[in-house]
Structure formats: C-alpha cells, structure tokens
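Accompanying notes for the structure given below.
The values are calculated or read from the model by the stated rules, or taken from the named source; none is laboratory data. Please read these numbers as outputs of a predicted model, since none were measured by experiment. Heads up, the Cβs are rebuilt from the backbone with ideal geometry, glycines too, and the neighbour counts pull from every protein chain shown. Protein only, heavy atoms only, side chains kept; ligands, DNA and RNA dropped before computing areas. Shrake-Rupley method; radii C 1.70, N 1.55, O 1.52, S 1.80 Å.
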Amino acid sequence: MAGDSKPRRVGIIGFGHLGQYLTARIEEEGCRHGLELAFVWNRSRDKMEGRVRREQQLPSLSDVVHRRADLVVEVAHPHIAKEHGAEILKHADFMVGSPTAFADPEVEAACREAARRHGHTLYVPSGALWGAADIQRMADSGALQALKVTMSKHPDSFRLEGALGAQGESRGERAVLYEGPVRGLCPLAPNNVNTMAAAAMAAHNLGFDRVQGCLVSDPSLSDWHVVEVEVRGPVDEASGHGFTVRTTRRNPATPGAVTGSATYASFWSSLLNCKGHGGKLFLC
C-alpha cells in the first residue's frame, strides 16, 4: 500500500465458513493490500465471540452507515440484498456473494438504481463460474446465443427449499432435481446455485429467464462439487458450424460443504478487485 493511501475499509456480513475465511485474511494480510476490517455482522452474534473483537462486531445492520465502510461484502443469504442492498449502496460499494437475490427483478432493479444514483459499485463475484469474463464479453457483443450451467453435488451439500427440498431428500441414486430457467431455480436453492445466478448476470443478453440451469444430486460426489458450463455462439455461414465451448470444473469439497474449497480463494481474489468501478454493476 502506498504511504499516502487510506486503507479501504471492508465490512463483512455473514460469519459462516466463507465469512470467517475473508475476515481472517483481512486481519492477517489486509495491510499489504490496503484493506482494514470495518465490521463483521452475523445473525447469531454468539458465533463471533472470541473470534472477532467486540469493537468490530456490528450489532445491527441498521448501523452499517456509522462504520464508514468503503465496501460491504455479503456472504450470508440472499435476503440481505433483498432487504438491505439498496440502503447499503447509498453509503458503500456492495459485493453480493448471494446473487440468487437478483432472480427477483425488483431487487435487481433497486440495487442497480441505488448504485447508479449514489455512484457506488454493485459487485457480483464469479465464484465457481469458470470463464465468466469470456461469457460477459460474448454477451456484450451480442454473440452469446445460449448458456447452460450444470451443478452436481452430494445430497448432503444441498440446502433446498419448497418442493425441491422434499425431492432432494432422495439420497439413493444420481438424480436431476431441476432443469430449466435459472430464475425458477434460485428461490428453491438460494444457497446452492449462486454460480448459476452469476452466470445469468454475466450473460446479461440472456438473463435469468434464458440461461438454463441443471441441478444434480449425486451420492458418488462425496469430495467434489462439479460445475459444467456449456456456451453456444454464432454459426459460421460458410461452414454451417456453430461456436461452442464446454468446461468442467471439479472443485474439492469436504463432505456436506455448501461451498467448494477453491471458491474461497476465488472470493478473496474478487474482493481484492473491488476497488470502485463507478455507479454500475461489475462482475469481479
């Protein structure tokens, strides 16, 4: 950090495994990157006792403004962006680790408008989405014609809601739990399909209604989360052949973990890239 630079103050919302990881890295090496911890909030404050200094614990999300954070990072639940996103963006940049919140078009519109009006950046981390920047560039140029994301995990890794919750209780064999537009899946698996939501944000010319998601329960994947991304682009008029890309990402994961191991480092890299990009949405 340059000697004449003020540290960028970062607030963390959520103190699960990912929130603990980000908090520890800021505390241990934030100075090297020009960062300092502004606050940590968790729904259960007891979880922070002995792990977060009392003066850094945020009692209520209504107190965010008083902590003078430059960047607020949500790694808790999509309801944070739904209930507090627009207000946070009045005062700070906002990195949304649960972009399934934006499957609700009113939430997306409110956060985008707050970012534009107050000059702050709404960040969406790419997380486990391999090739996010390439997908976004294709969307920018209008070349992206189709996108499908398939996520396969062990049944114990799912946190499913609604009708999908009962379906996910079947643990015997590999099963496709959902296949269809990402918008319909996000409310049913809000903690599990943030990668798909990030894909829908990157593929902005398709969006949540045209990006396809497939969620697979596979008991054989006790140590892995597998994410397959299928991209389709323009057809060459001369040959009749279409542009396609297919990637498979095998992310090591402890049994029952919602977040794969490699995703932690990806979030840290995204956080370091949140340096103020103006009043817009930015995929990091």
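Given the protein chains as shown and a 1.4 Å probe, how many square angstrom of V258 are accessible, to the nearest 10?
Roll a 1.4 Å probe over it and V258 shows about 40 Å².
Can you work out the Karplus-derived ³J(HN,Hα) for every residue in the range 92-104? Use 6.51 cos²θ - 1.76 cosθ + 1.60 with θ = phi - 60°, whole Hz, and x for glycine or proline.
Each residue's phi maps through the Karplus curve to give 7, 5, 9, 9, 9, x, 10, x, 4, 4, 7, 5, 7 Hz.
At 0.36 nm per residue, minus the direct Cα-Cα distance, what do H66 and E28 gain on full extension? Give it in nm, one decimal, please.
Working it through step by step, the gained length comes to 11.3 nm.
I want to check the label-to-label distance for R43 and E230. Put each point 7 Å from Cα in the C-beta direction and report it in nm to one decimal.
That separation, rounded to one decimal, is 3.5 nm.
Can you give me the % of accessible surface on the range 145-232 that is carbon or sulfur? Probe 1.4 Å, all protein chains present, nothing else counted. Please report the intermediate quantities before stating the final value.
Values: 1580 of 3410 Å².
Carbon with sulfur: 46 percent of the solvent-accessible area.
With a 1.4 Å probe and every protein chain kept in, tell me what percent of the accessible surface of the range 2-70 is carbon plus sulfur. Each step should come with its number before you reach the end.
On the way: 1780 of 3900 Å².
Exposed carbon and sulfur together represent 46 percent of the surface.
Work out how much length R137 to E113 would gain on full extension: take 0.36 nm times their residue separation and subtract the Cα-Cα distance, in nm to one decimal.
6.4 nm
Of all trypsin sites (Lys or Arg not before Pro) in the range 62-170, which ones are in loop regions per DSSP and have a Cβ with at most 16 other Cβ atoms within 10 Å?
In loop regions of the range 62-170 (DSSP not H, G, I, E or B), the sparsely surrounded trypsin sites (Lys or Arg not before Pro) are R68, K90, R159.
Taking 7 Å along the Cα-to-C-beta vector as the label spot, tell me the E179-Q57 distance in nanometres, rounded to one decimal.
4.9 nm
With +1 assigned to the C-beta of every Lys and Arg and -1 to the C-beta of every Asp and Glu, and no other charges, what is the dipole magnitude of the range 146-284 about the Cα centre in debye, to the nearest 20?
The calculated dipole for the range 146-284 is roughly 380 debye.
Over the range 67-125, give the accessible area per residue in Å² for a 1.4 Å probe, as an integer.
37 Å²
Identify, among W130, V73, S98, the residue whose Cα sits farthest towards the positive end of the charge dipole of the chain, taking +1 on the Cβ of Lys and Arg and -1 on the Cβ of Asp and Glu, with the dipole about the Cα centre.
V73
So I have (1) 1.01; (2) 1.80; (3) 1.25, and one of them is Cα Rg over 2.2 N^0.38 Å calculated from this model. Which one is it?
For Cα Rg over 2.2 N^0.38 Å, the calculated option is (1).
What percent do you get for the relative contact order of the chain when only Cα pairs under 8 Å and 6+ apart count?
19 percent
Compute the accessible area per residue over the range 171-252, keeping the other protein chains in place, probe 1.4 Å, unit Å².
Per-residue value: 47 Å².
Where in the range 170-260 are there trypsin sites (Lys or Arg not before Pro) that are in a DSSP coil and have at most 15 other Cβ atoms within 10 angstrom of their Cβ? Mind dumping the intermediate values first?
Details: sites: R171, R174, R183, R210, R232, R246, R249, R250; in loops: R171, R174.
For trypsin sites (Lys or Arg not before Pro) across the range 170-260 that sit outside H, G, I, E and B with at most 15 neighbouring Cβ atoms in 10 Å, the list reads R171, R174.
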